[in-house]
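Q: I am attaching a structure below and will ask some questions about it afterwards.
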Amino acid sequence: MDHLQKTIDQILAVSPAVRYVALYRGGKLTSRQRSEVSDASASESDRYEELFVNPTLLTLVRQRGNLDCGGAQFVLVRYGNFYQLVLDLHDGHVSVCLELASNPLDHADVIRAICERA
C-alpha cells in the first residue's frame, strides 16, 4: 500500500461521518469512498471536481486570502447531500466529504495534521 492510500485510511478513521477522501498531491489523484454511502455523487464527477474545480477554488481563495486576510486554510461547500471540506496543501489538496449531521470544522485540524505527517 502506498503512502497516499495509508493517508486516506487514516483520514477515513477520523470519524464515521467521513464518506469520501481524495488526495491530490504532486499531480497524482488518489481517492476512496466508503462502500455504505448513500446519495453519493458519481465517481467520474468526483474525479473532475478534484482535478479542476477544487484546485481552482483553492487558487482563488488563496490569492484573495494572501492579499490582506492572513492567508486561507480551506474551502467548505455545503451540497444538498453532504459537506465537502477542501484543505490546501503545499503540494496539492485533500478533499473530504462528510455527512450533514457532522461539523466539518471539528475535523479540519486533525485532517491537516494527518496530511502534514504523510
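Q: Pairs please, first residue from segment 95-112 and within 16 Å of Arg34 (Cβ to Cβ) and touching a residue at least 60 places away in the same chain (Cβ under 8 Å), second anywhere and among the charged types (D, E, K, R) and surrounded by 13 or more Cβ atoms within 10 Å (Cβ to Cβ), Cβ atoms under 8 Å, 6+ apart in sequence or on different chains.
A: Pairs that qualify, where the first residue is within 16 Å of Arg34 (Cβ to Cβ) and touching a residue at least 60 places away in the same chain (Cβ under 8 Å) and the partner is among the charged types (D, E, K, R) and surrounded by 13 or more Cβ atoms within 10 Å (Cβ to Cβ), are Ser95/Glu49; Ser95/Glu50; Cys97/Arg19; Leu98/Arg19; Glu99/Arg19.
Q: OK, next. If we scan segment 45-57, do we find a residue that is farther than 15 Å from Ile8 by Cα and of a type in the set (Gly, Ala, Ser)? Outline the logic, then answer.
A: Of segment 45-57, the ones farther than 15 Å from Ile8 by Cα are 45-49, 51-57.
Next cut, of a type in the set (Gly, Ala, Ser) only: 45.
Yes, segment 45-57 contains at least one residue that is farther than 15 Å from Ile8 by Cα and of a type in the set (Gly, Ala, Ser).
Q: Here's another thing I want to ask about it. What is the residue count in segment 15-44 for residues that are farther than 26 Å from Ala101 by Cα and at pLDDT below 90?
A: Result for segment 15-44: 0.
Q: Could you tell me which of the residues Val18, Val86, Val61, Val14 is among the β-branched types (Val, Ile, Thr), free of Cβ contacts under 8 Å to residues at least 40 places away in the same chain, within 19 Å of Asp109 (Cβ to Cβ) and touching a helix residue (DSSP H, G or I) at 6+ places or on another chain (Cβ under 7 Å)?
A: Matching residue, one of Val18, Val86, Val61, Val14: Val86.
Quick grid of which residues meet (1) surrounded by fewer than 17 Cβ atoms within 10 Å (Cβ to Cβ); (2) part of a helix (DSSP H, G or I):
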site: Leu57; (1), (2): no, yes
site: Gln63; (1), (2): yes, yes
site: Leu67; (1), (2): yes, yes
site: Gly71; (1), (2): yes, no
site: Val75; (1), (2): no, no
site: Leu100; (1), (2): yes, no
site: Ile111; (1), (2): no, yes
site: Cys115; (1), (2): no, yes
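The values are calculated or read from the model by the stated rules, or taken from the named source; none is laboratory data. This one's a predicted model, so the numbers in the text were calculated from it and none came from an experiment. Here the Cβ is made from the backbone with ideal geometry for all residues, glycine too, and neighbour counts use every protein chain on show.
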